[in-house]
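Right, one structure below, let's go through it.
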Ligand code: NAP
């Protein structure tokens, strides 16, 4: 129960990797505020699973690309719990397509959710974390942001941007007791990857030295590491959870 008494905000916490993060943080004793974009029932189920572990859990509808909704999310978390110790920027989308045919709106939507959303959430909690002289921010990047991937110019740009923002924010906040790190998953078994065409799934699997997909819980363990005291002297880092993909 190393996170007992801590409050975590997890964006997109209802399903996939976000759900696993909520459960892992709750297992370690943290109260959880999880936001969802559209899947209210799923988010409530995740919150109930957290509460079953003896922590408090709250669901808030919030589109992370909206400054007003992000402000409301963080205000709600502060009203309910009095502090925000951990922020996990997990919400993310894909709108895949080849560069030559990619629609501008598909580029803009991915940047808005993945990159601007991460910026807005970090900005919204940074003042409070600096005031507390304590904070742990963990951003979800991707091996695609480090290596690139055909068909994902928009997604790769957003996830590479997350790495740059992570390192910049880490430098700004290091002296104030706030760490900022990123986890870069490889090929993880969630709705996001289930939606990939079979050919792309087979090709991706073949590029993983460990020869298998990861589980959401594998990523959640790495997020919880950065969120906990074991990582107190680590900031500005990117940890790949990818079965060796990005080596
Ligand atoms: P997922 O199963 O598709 O779930 C995405 C989550 O993000 C959902 O909870 C969704 O909420 C939320 N979301 C999407 N747009 C949002 C918005 N504008 N505002 C608030 N919430 C929003 O995805 P996942 O596989 O768990 O991925 C989680 C994170 O890991 C993403 O950032 C993704 O890019 C990254 N990642 C995943 C993989 C992988 O292999 N799965 C690999 C590398 C990186 P609703 O349910 O309400 O729609």
(message) Considering only residues that are in contact with a helix residue (DSSP H, G or I) (Cβ under 6 Å, 6 or more places away or on another chain) and crowded, with 18+ Cβ neighbours inside 10 Å, which ones fall in the range 84-98?
(response) 84, 86, 87, 88, 89, 90, 91, 92, 93, 94
(message) Just the residues that are assigned to a loop (DSSP other than H, G, I, E, B) and either more than 6 Å from the ligand (Cβ to nearest atom) or closer than 14 Å to residue 89 by Cβ (or both), please, taken from the range 4-43.
(response) 4, 5, 6, 12, 13, 28, 29, 30, 37
(request) Look through the range 67-98, keep the residues that are within 11 Å of residue 35 (Cβ to Cβ) and free of Cβ contacts under 8 Å to residues at least 60 places away in the same chain, and return whichever of them is farthest from the ligand (Cβ to nearest atom). (result) 76
(request) Answer yes or no as to whether residue 156 is under 13 Å from the mean Cα position of the chain (by Cα), more than 9 Å from the ligand (Cβ to nearest atom) and in a helix (DSSP H, G or I). (result) no
(request) Looking for whichever is in contact with a helix residue (DSSP H, G or I) (Cβ under 7 Å, 6 or more places away or on another chain), touching a residue at least 24 places away in the same chain (Cβ under 8 Å) and not in a strand (DSSP E or B) here; the options are 217, 182, 174, 200. Which one fits? (result) 217
(request) Scan the range 47-54 and give yes if some residue there is within 13 Å of the ligand (Cβ to nearest atom), modelled with pLDDT of 95 or more, surrounded by fewer than 21 Cβ atoms within 10 Å (Cβ to Cβ) and outside any helix (DSSP H, G or I), otherwise no. (result) no
(request) Output the residues belonging to the range 129-149 that are assigned to a helix (DSSP H, G or I) and near the ligand (Cβ under 9 Å from one of its atoms). (result) 143, 144, 145
(request) Considering (1) farther than 29 Å from residue 3 by Cα; (2) over 15 Å from the mean Cα position of the chain (by Cα); (3) without any contact (Cβ under 8 Å) to a residue 60 or more places away in the chain, say which one residue 146 fails and leave the rest. (result) (3)
(message) Taking the conditions exactly as written (over 28 Å from residue 245 (Cα atoms), in contact with a strand residue (DSSP E or B) (Cβ under 8 Å, 6 or more places away or on another chain) and not in a helix (DSSP H, G or I)), does residue 84 satisfy them or not?
(response) yes
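So that you can scan it fast, the table gives a plain yes or no per residue for (1) within 8 Å of the ligand (Cβ to nearest atom); (2) surrounded by 15 or more Cβ atoms within 10 Å (Cβ to Cβ); (3) modelled with pLDDT of 95 or more; (4) under 24 Å from residue 64 (Cβ atoms):
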| residue | (1), (2), (3), (4) |
| --- | --- |
| 127 | no, no, yes, yes |
| 168 | no, no, yes, yes |
| 182 | no, yes, yes, yes |
| 190 | yes, yes, yes, yes |
| 210 | no, no, yes, no |
(request) Kindly indicate which of 109, 79 is assigned to a helix (DSSP H, G or I) and closer than 24 Å to residue 131 by Cβ. (result) 79
(request) Only residues that are within 22 Å of residue 224 (Cα to Cα) and surrounded by fewer than 16 Cβ atoms within 10 Å (Cβ to Cβ): list them for the range 99-125, please. (result) 123
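The values are calculated or read from the model by the stated rules, or taken from the named source; none is laboratory data. The shown structure was predicted, so the numbers you read here are calculated from the model rather than taken from an experiment. Here Cβ is always computed from backbone atoms with ideal geometry, including for glycine, and neighbour counts include all displayed protein chains.
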